[in-house]
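The values are calculated or read from the model by the stated rules, or taken from the named source; none is laboratory data. Since the model is a prediction, treat every value here as computed from it, not as a measurement. When we count neighbours, we look across all protein chains shown, and the Cβ atoms used for this are built from the backbone with ideal geometry, even at glycine. With ligands, DNA and RNA removed, areas are computed over all heavy atoms of the protein, side chains included. Shrake-Rupley method; radii C 1.70, N 1.55, O 1.52, S 1.80 Å.
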Amino acid sequence: MKVVPLPRLRAAPKRRAWILAVAAFIFIALAWAYLYPPPHYTSPVRDWLPAEPARELTDEERASRVVFRQILTTPPVRSKNSKIAFMFLTPGTLPFERLWEKFFEGHEGRYTIYIHASREKPEHVSPIFVGREIHSEKVTWGKISMVDAERRLLANALQDIDNQHFVLLSDSCVPLHNFDYVYDYLMGANLSFIDCFYDPGPHGNFRYSQNMLPEVTETDFRKGSQWFSVKRQHALMIIADSLYYTKFKLHCRPGMEDGRNCYADEHYLPTVFHMMDPDGIANWSVTHVDWSEGKWHPKAYRAKDVTFDLLKNITSIDMNHHVTSDSKKVVTEKPCLWNGAKRPCYLFARKFYPESINNLLTLFANYTLI
C-alpha cells in the first residue's frame, strides 16, 4: 500500500502580509531613531575613550581621560526648570542691552545672564543686566587670557544647577530669532556647537608647536570660532581640563618661534574636543560671522547695512563652510544638521556697530518672526 504524502501547509497570504508589515515597521522605527535621536540622546561612543595611541600615555593624560570619561558618561542632572546661561564677554558696556531686553522679555526663569567686563564696569540701560557682572580680569586679544575669561564665565554659570546650556556672546552680538526658537533649538539639540575644522595653511597648522608633544600631535591640531554654545557636560569638561589647557597656555601664543602667531581662543577648544569627543560636537558655531572680505577681522555692520534683507539672509543660511588658509583655498561645505535634520545654522550674529541699535530694534519683531 502506498502512503500518500500530506500536502504542505502554506502560510496564508494575509499572514505573510502581516509579517512583512511588522518587519517594515521595525525597520522604519530603527531608522527613525538613528536619524532623529531624542533630545537628550547620548551617543554610545561616549561610553569609551578615544583609542589610545601606540605610545604609552603619560600619567597626566591617563588622569585627564578618566576625568573626561566620568563627565561624559555620567547622566546629566535633570532640572525641573532648565535654563540657558547667556555669557557676555565684553570690554565694558553692552551697546545692545535694549535689544537683548526685548529678546528676553516674558521669559523670566528660563535664562540667566553673566557679564565678564575686562576693562571697565558696564553702565546699564536695562534692569535685567544690573548686578550680573562676575569677577573679571584683563583680557588681551590673541592670548590665553581670552580662554581664561571663557572658563571664568563657565565656572560662575555652572554654580546654578538649572543652567543646562551655555552660550558665549560678545558685546557686538545680536539675536537672530525669538527666545522660544533659540531655547528649543539649544535645549533640544543632542550636540554642543563648537566650530572645528582642519586647516593645513598658515592660519591653521602652521601655528602648531611641537612643544605640545606628546599629548597634542599636529594631526590633531584644529581651528574654529571661539563663539561656542555647549551643554552642561561639555562645560564641566572645559573647566576640569588642566593638561591640554597648560599645553596651549605655554605653546600657543603670539610671537612664537619661527615668526608664528598662535591664538589659543581659535585652537584650544576645537583641538581638545576633536581629540576627546569628536562625535559630541556639531563642527560649526551658532553665531554667524562674515569673513568673506579676507581681512584680519570679520565684516562689521554699520547702521546703513542693517536691513530686513540682510538679517533674513543670515537667518536663512543652512550650510556651514570652511576655507583653508593655504594657497589651495579648499572650500568645505556641509549642511547644518540639527538632530539629523537640516536646519538654519545661526541663532546669533556679529559684528554690529553700536550705531545700528535703532535699526535692530525697529526690525526685531519682523526678522525674528518664525
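Assorted remarks:
- One chain, two ends: SER327 and ILE128. Fully extended at 0.36 nm per residue, the span grows by 66.8 nm beyond their Cα-Cα distance.
- Binned Cα-Cα distance frequencies in segment 249-331 - 5 Å width, integer %: 3, 9, 14, 20, 20, 16, 10, 6, 2, 0
- Reciprocal of mean inverse Cα separation for segment 114-238 (Kirkwood radius, Å): 16.9 Å
- Simple Cβ-charge dipole of segment 233-304, Lys/Arg +1 and Asp/Glu -1, about Cα centre, in debye nearest 20: 400 debye
- As a ratio to 2.2 N^0.38 Å, the alpha-carbon radius of gyration for segment 59-285 is 1.02.
- Between the beta carbons of ARG55 and THR362, assuming R0 = 51 Å, the FRET efficiency works out to 0.30 to the nearest 0.05.
- Take the Cα radius of gyration of segment 177-316 and divide it by 2.2 N^0.38 Å, N being the number of residues; the result is 1.18.
- Relative compactness, segment 165-221, computed as alpha-carbon Rg over 2.2 N^0.38 Å: 1.67
- Neighbourhood charge, 14 Å Cβ-Cβ cut-off, centred on TYR245 and excluding it, Lys, Arg +1 and Asp, Glu -1: -1
- Restricting the calculation to Cα atoms, every distinct pair contributes to the Kirkwood radius of segment 328-370, found to be 13.6 Å.
- Using a probe of 1.4 Å, the accessible surface attributed to HIS321 totals some 100 Å² when neighbouring protein chains are kept in position.
- Cα-projected label distance for ALA341 with GLU105, points at 7 Å along beta-carbon direction, nm: 2.9 nm
- Accessible surface of HIS288 - all protein chains present, 1.4 Å probe, nearest 10 Å²: 20 Å²
- For ARG207, the accessible area of its heavy atoms, probed at 1.4 Å with every protein chain present, is near 10 square angstrom.
- 15 Å cut-off, amide nitrogen to a point 7 angstrom out along ASP258 Cα→Cβ, residues in segment 192-212: 200-212
- Segment 203-279 - Kirkwood radius from inverse mean 1/r over Cα pairs (Å): 12.7 Å
- Annotation for segment 249-311 versus segment 64-133: alpha-carbon center distance of 21 Å.
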